[in-house]
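Coordinate-derived values only; no laboratory data. Quantities reported herein were computed from a predicted structural model and do not represent experimental measurements. Heads up, the Cβs are rebuilt from the backbone with ideal geometry, glycines too, and the neighbour counts pull from every protein chain shown.
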Amino acid sequence: MPIYEYRRPDGTTFDIQQSFSDEPLKVDPETGVPVERDLHPPAVHFKGKGF
């Protein structure tokens, strides 16, 4: 199962392990404040000749 990062309105973040089929969290399970999933671009590694 993947680990997702969520951001609170004050800028702090927390990680939670969720299944792909689970809905994204709308509130922090600990404090009850609204949260947004923080997405990051994947790392890209160019290998071989010409890079």
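Go through the residues of segment 17-38 one by one and say whether even a single one is among the polar types (S, T, N, Q), surrounded by 10 or more Cβ atoms within 10 Å (Cβ to Cβ) and in contact with a Lys or Arg (Cβ under 6 Å, 6 or more places away or on another chain). No, there is no match, as no residue in segment 17-38 is among the polar types (S, T, N, Q), surrounded by 10 or more Cβ atoms within 10 Å (Cβ to Cβ) and in contact with a Lys or Arg (Cβ under 6 Å, 6 or more places away or on another chain).
Would you pick out the residues in segment 13-42 that are in a strand (DSSP E or B) and closer than 17 Å to residue 1 by Cβ? Within segment 13-42, 14, 15, 16, 17, 37 qualify.
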